[in-house]
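Have a look at this one.
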Amino acid sequence: MHSDHDDLSIIRTVSLTSALERQLERLIVEGELGPGDRLNEIQLATRFGTSRGPLREATRSLEAKGFVEVIRNRGVFVRQLSISDAIEIYDVRTALFALAGKLLAERMSTGIEHMLVELVEKMEIASRDADLDAYYPLNLKFHDTIVGGAGNELMAQEYLRYVKKMHLFRQKSLIQGGGLEVSNEEHKEMLEALLARDPIRARDTHWQHVENAKQRMLSAVT
């Protein structure tokens, strides 16, 4: 017979699985678990103080999202993106980011304007110092601020889903051929279009920025 206790057990299991999924995703996105690394169930269960059951459920969710792959009789591994995978992700990201730029230019607020100006100024300092560790999180926040400020939640969710898979590729690409300075010059062009409240120019500069990032990525990994 079904009971309230059964319902509570299900809720606890689902909540734990979701929390574990977020933690594992964070380890992958931040690079602690790199492409090709095996997820050691025993070590991870010990680290997070849980049993292996919820951990397996979490890895199944990550497999569905494309973050890990299950190899029969070997285990669960962080997925290694092929060059063609990366290109496809960049192409989708290009279209979404161009849309974000256009939408934000149409509804730009003073608060977001000040945030973006400050981020570009900080990235200018980091790029002059060739400080990738300082530049990279500022770069992420700059893009996230644009997408988050565009006012389209569905677009923002899809953008974030694709971007999470590209962190390692993007980090490598930023150090290629003066990538930090070049990247921030593009940020300035995007910012000028946004400050001018010009949707078409914003769309085009945002599109070109991600296209250029794709080329930097290809130079970094080929």
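Quick note: the coordinates plus some simple rules give every number you see, no bench work behind them. A quick note: this is a predicted structure, and the numbers were derived from the prediction, not measured. So basically every Cβ, Gly included, is an ideal-geometry build from the backbone, and we count neighbours across all protein chains shown.
Could you list, in sequence order, all residues of region 33-73 that are over 21 Å from L160 (Cβ atoms) and in a loop (DSSP other than H, G, I, E, B)?
Residues satisfying the conditions are G36, D37, L39, N40, G49, T50, S51, R72, N73.
Does region 89-98 contain at least one residue that is β-branched (V, I, T) and out of contact with any helix residue (DSSP H, G or I) (no Cβ under 7 Å at 6 or more places or on another chain)?
No, there is no match, as no residue in region 89-98 is β-branched (V, I, T) and out of contact with any helix residue (DSSP H, G or I) (no Cβ under 7 Å at 6 or more places or on another chain).
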